[in-house]
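The values are calculated or read from the model by the stated rules, or taken from the named source; none is laboratory data. All values derive from a computational prediction rather than experimental measurement. When we count neighbours, we look across all protein chains shown, and the Cβ atoms used for this are built from the backbone with ideal geometry, even at glycine. The protein model used for the area step is the full one, side chains on, heavy atoms only, and it has no ligands, DNA or RNA in it. Shrake-Rupley method; radii C 1.70, N 1.55, O 1.52, S 1.80 Å.
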Amino acid sequence: MHRLHFERRLIVKQFLAAMLLAGVLVPLLRAADTPPPPTTKVGDIAPDFTLTDQNGNKVSLHDFKGKKNVALAFYIFAFTGG
């Protein structure tokens with residue numbers, strides 16, 4: 001009976017230690033995954049950037065300045081399996 005009581009107390013202590021550790025580590029891990037706040041605001045002129053199009057060609061934003069309107073769309077989970 002004494003050994004069972006000791007084992008039960010040990011399990012409870014381990015469980016509480018795990019919960020305490022999770023309570024400390026989970027917020028730290030989430031903070032590490034949090035992206036920095038955006039530096040541009042609605043209405044700001046977009047900074048120049050270069051991307052690869054569907055054909056493998058490099059396309060820069062400045063290529064369209066004064067010629068065409070550009071719409072940017074961000075698909076958060078595109079091609080990530082998420």
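Listed by chain and number, the lysines whose C-alpha is less than 26 Å from the C-alpha of Lys13, apart from same-chain residues fewer than 8 away, amount to an empty set. Compared with the direct C-alpha span, the chain from Glu7 to Lys68 gains 14.7 nm at full extension, assuming 0.36 nm per residue. Show which lysines lie in cross-link reach of Lys41 when reach means a straight Cα distance below 28 angstrom and same-chain residues fewer than eight apart are skipped. The reachable lysines, counting only those whose Cα sits under 28 Å from Lys41, are Lys58, Lys65, Lys67, Lys68.
Residues Ile76, Ile45, Ile11 ordered from highest to lowest accessible area at a 1.4 Å probe: Ile45, Ile76, Ile11. Distance between the modelled labels on Leu20 and Thr50, one decimal in nanometres: 5.5 nm (7 Å Cα→Cβ projection).
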